[in-house]
Amino acid sequence: MEGSSSPASANYQRTSCAFAVARQALRQSLPERRHELQNEAVFFDRDIAPWDLPAPPTADEVARQFARPIMTLVDQPSLDEAGIGVATQTSSEQSTTSRLELTEATISYTLWRNRDERSDPANLADLDDRTRDSLDAEPAWPLPDWLITARERMRYPSLWEAVRTTYVVQPTALPWHTVRHALVEHVNYVLVNGFREERTDGSIPPTLEGEVTEKCVEAGIPLSVDGVWMSGLRIDTDPHILGLAIDLGDKLLTAAIPRDELEFLELAFVTRPGTAS
């Protein structure tokens, strides 16, 4: 994460959601595709066998433990919650002590384009032949139930890391981490990971081409949060992602939504049930 007043002392850790782990476990099981793991932005231990992978925390578990209520898209027939990723940033002035500065919880969703008929082929993701054949084949080894479920979700389009709740624990230590900064960072993160072929140069790590900046942010955009219209922010300049954000006082809400799926969605936000009070 960029922008820390002391970059060398910052430590940023991200826990993948179940969908990301399933994708990488699938690639690990295919010798001809293991090289693709080096392009992944999230850490994945290739020395752990897929059947031994620990289950990532569920959204309910994260919500109960997160320091602030987690935000999500309003309940709607086109979406199923697919998983949650958690990230933290700590800094230390001495090697033996560290201080939590920031924590994030980001929800991913499975999208149903035809919400009334889930068996409709229109609901299937646009997969390459190798991935589709791999999903159709029996796993090479027994997999835990959570990984089988996440693996099956790969057949369908997703809104990956779409809605993020950020709690800045130490605002004085991170004065640069405004809601504008959080929105730009979120949109660029989804672009570099979700649109690699279209938007990166193929290097390792990949370099994003045409990244968004704070100059792209519009203010005064009405957003619905828990049924109340509030003034938020928008990035409407990128060809692949629409970005939305609002400073809720005790936390920041940001969203990075693929443009191709906007027609199927209601862009309104609510506090996720079961979250910390």
Report summary line: Among strands (runs of 3 or more DSSP E) completely within region 56-134, the ones holding 2 or more residues that are touching a strand residue (DSSP E or B) at 6+ places or on another chain (Cβ under 6 Å) and more than 20 Å from Leu267 (Cβ to Cβ) are 79-91, 99-111
Query raised in the report: Looking at region 127-149, is at least one residue small (Gly, Ala, Ser), loosely packed, with under 15 Cβ neighbours inside 10 Å and either farther than 30 Å from Ala173 by Cβ or under 18 Å from the mean Cα position of the chain (by Cα) (or both)?
Result: yes
Query - Residue check, Glu198 of a type outside the set (A, V, I, L, M, F, W, C) and either within 15 Å of the chain's Cα centre (by Cα) or assigned to a loop (DSSP other than H, G, I, E, B) (or both) - result: no
Query raised in the report: If the Cβ limit is 7 Å and pairs must be 6+ apart or interchain, which residue in region 157-186 that is part of a helix (DSSP H, G or I) and buried (at least 24 other Cβ atoms within 10 Å of the Cβ) pairs with which residue that is among the charged types (D, E, K, R) and modelled with pLDDT of 95 or more?
Result: His186/Arg164
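The values are calculated or read from the model by the stated rules, or taken from the named source; none is laboratory data. What you see is a predicted model, and the numbers here were worked out from it, not measured in a lab. Note: ideal-geometry Cβ built from the backbone for every residue, glycine included; neighbour counts use all protein chains shown.
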